[in-house]
1. Out of the residues in the range 592-621 that are touching a strand residue (DSSP E or B) at 6+ places or on another chain (Cβ under 8 Å) and under 29 Å from I500 (Cα atoms), which is surrounded by the most Cβ atoms within 10 Å (Cβ to Cβ)?
2. State whether the residues of the range 561-572 include one that is under 28 Å from L509 (Cα atoms) and in a loop (DSSP other than H, G, I, E, B).
3. Within the range 639-661, which residues are open to solvent by less than 90 Å² (accessible area, probe 1.4 Å) and either touching a residue at least 60 places away in the same chain (Cβ under 8 Å) or part of a helix (DSSP H, G or I) (or both)?
4. So T396 passes all but one of these: (1) crowded, with 16+ Cβ neighbours inside 10 Å; (2) at positive phi. Which condition number does it fail?
5. Return only the number of the condition from (1) among the aromatic types (F, W, Y); (2) open to solvent by 10 Å² or more (accessible area, probe 1.4 Å); (3) assigned to a loop (DSSP other than H, G, I, E, B) that Y234 does not satisfy.
6. Of all residues in the range 116-146 being touching a Gly at 6+ places or on another chain (Cβ under 8 Å) and under 19 Å from L219 (Cβ atoms), which is surrounded by the most Cβ atoms within 10 Å (Cβ to Cβ)?
7. Show the residue pairs meeting these rules: Cβ distance below 8 Å; 6+ apart or different chains; first residue within the range 272-286 and within 15 Å of I223 (Cα to Cα); second residue surrounded by 18 or more Cβ atoms within 10 Å (Cβ to Cβ) and among the aromatic types (F, W, Y).
8. Give the range 276-313 a look and list any residue that's under 30 Å from F370 (Cα atoms) and modelled with pLDDT under 90, or say none.
Amino acid sequence: MNTEQQIHQLREELRDHNYKYYTLDAPAISDYEFDMKLKELQELERKHPEFYDSNSPTLRVGGEITKNFETVVHEHRMYSLDNSYSKEDLLDWEKRIKKLVDGDINYTCELKYDGASISLTYEKGVLVKAVTRGDGVQGDNVTTNVKTIKSVPLKLKGNFPPKFDIRGEIVLPYEGFAKMNQERIAAGEEPYANPRNTASGSLKLQDSSETAKRPLDCLLYNITGDRLEIVTQYENLKKARDWGFKVPVESKLVTSIDEVLEFVVYWDEHRHNLPYETDGVVIKVNDLQQQEELGFTAKAPRWAMAYKFKAEQASTMLEEITYQVGRTGAITPVANLEPVQLAGTTVKRASLHNADQIEKLDIRVKDVVFVEKGGEIIPKIVGVDFQKRNQNSLPTIYISECPECNTPLIRKEGEAQHYCPNYQGCSPQIIGRIQHYISRKAMDIEGLGGETVALLVNEGLIKNYVDLYELKKEQVIPLERMAEKSADNLISGIEKSKEIPFERVLFALGIRYVGETVAKKLAKHYKNINAIIEASEEELVNVDEIGIKIAQSVQEFFDSEENRILVNRLKEYGVQLEISAEKLANQTDILQGQTVVVSGVFEKVSRNELKKLIEDNGGKVSSSISSKTSYIVAGANMGPSKLEKANKLEISIISEDEFLDKIK
């Protein structure tokens, strides 16, 4: 056996032992024997660098330094999940999905592990990329650090697709977390707060050898890609195991919501026996074709639901109520609490939402309050311990003036929140609008963060987001923590933002009620900013999914002379305020006013490509058949109930080829 063959054999042996130890929990050799083989391979690789392999088991120890984590756009978006808390919530969900798909529905139940979400990309069976969830559209490339996690296969085994993504959670088991904290306490350092945050922070360490020292684990649960020839979620999990991934074995295939609840009740009681943190159960429609038919809302898949275990609760004293001003001028009251441990974290603050909530619960300073952390990221106060209330306590009087600029607050009829109307002169509103403008889903200006925005405003260098385009390098270098390289990145990031497409610019403007989805609808319908400015309220309401509240808010924004001046200045600086000619070339009005339902399996284009073609040609895609449906594009295996409903309503059904001819 020559040296190359010897190296190859050792790598394969170590990969197999690694898989047996970390994934199957069934070691075949002792730790000592494993270490001896690893040292032998390290020595051979050192002497023969010509046989370097970026996925060698020896590289699990890390050592590579990453100073800046590259932002990567997910090829397949990572959606968040809708939450449920009761049997009624699940029954409502079941009713909704049964209206949209044909046939019996089975469900895959999986435990919801509390870790850091990750997407792994494999090409030809080799790990090529590991990206954090980020905002779901894009995340950080943490491949170097993830390669140090022993349960992540660097090379796959078996019969796998040429390219796919697999999603999961990076977790820190209780045992490893406890050991890390014992070592920190022994060294006189502060212990880590909880496993989830520690796991997440471990992925962003600059030195991968430090990540390698942490006992991280990776639990996978969903394969994503094109034409994978997998038909169910349960098969999805089985195939992932066969290829070498660590997939939790607790998942179960069930046929009813009652069986789902049995699974939930069992694991709510037994979850503390698991080696990892869990906070609920994820229920997915098992059939992937049914999943495709159900599709997604703007934020979450319709075919999945997270059932959250009952929220943990704690009681503590409310020390003070303070008030925050948001970018729209909305005032949010915040409870400042005596620190208390809750669900693995120290809680010091909780949202009080609005004046009505304070009045409804009769919350007062120095009350002992009950704090809960359920589906909310921010803890909330759910009640007061009236038995412990001081007899001399006085009801809370909500503030009448802005805590930042002293402007009298307003509260519009029918709205829960108070607002500061000082749009142009209230510092948190100014800073908040600019922070929104530069955010990832908006202009995504690299090199410019929220703290730097506050510095720029407080130093008088900018008063609004358009002023960013007038900044000079010499103006920003004197700022705190701003080196020459940072200043260069900031200025080039601002310049690059001029390439951001129109729909994201429209979202970035910060018009109240105009989120990502609404901005896309408006941009697609009107094509440029001038057409939106000139549109009447009636015309705006006629745009798909635009209601009166949104239409009035859009008009109010552009009726402001200051806002029109800002828009004109953005035009002068070359910011994209119309859909590009290239994008327009791929769009037509052929299907304008038509509502199309897509059903079945297609040969020439995927279901998602078909939906995009409908939208690009001016049509609207609908999940359910109604009297408003123009026609159905049907592939193979169209559901019988859909066919029956189409015939009953006399709605025409066309084939994939007929549709493609229609838009030619």
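1. Filtering the range 592-621 for residues that are touching a strand residue (DSSP E or B) at 6+ places or on another chain (Cβ under 8 Å) and under 29 Å from I500 (Cα atoms), the one surrounded by the most Cβ atoms within 10 Å (Cβ to Cβ) comes out as I614.
2. So far as the range 561-572 goes, no, none of its residues is under 28 Å from L509 (Cα atoms) and in a loop (DSSP other than H, G, I, E, B).
3. G639, S641, K642, L643, A646, E656, D657, F659, L660
4. Tallying (1) crowded, with 16+ Cβ neighbours inside 10 Å; (2) at positive phi, T396 fails exactly one: (2).
5. Exception for Y234: condition (3).
6. Within the range 116-146, the match that is surrounded by the most Cβ atoms within 10 Å (Cβ to Cβ) is N145.
7. K284/Y107; K284/W303; V285/Y107; V285/W303; N286/Y107; N286/Y234
8. Listed by number, the residues that qualify are Y276, E277, T278, D279, K308, F309, K310, A311, E312, Q313.
The values are calculated or read from the model by the stated rules, or taken from the named source; none is laboratory data. Just so you know, these numbers come straight off a predicted model, no measurement behind them. Methodologically, a virtual Cβ is constructed for each residue, glycine included, from the backbone with ideal geometry; neighbour enumeration extends over all protein chains shown. Remember, those area values only see protein heavy atoms, side chains included, never the ligands or the DNA or RNA. Shrake-Rupley method; radii C 1.70, N 1.55, O 1.52, S 1.80 Å.
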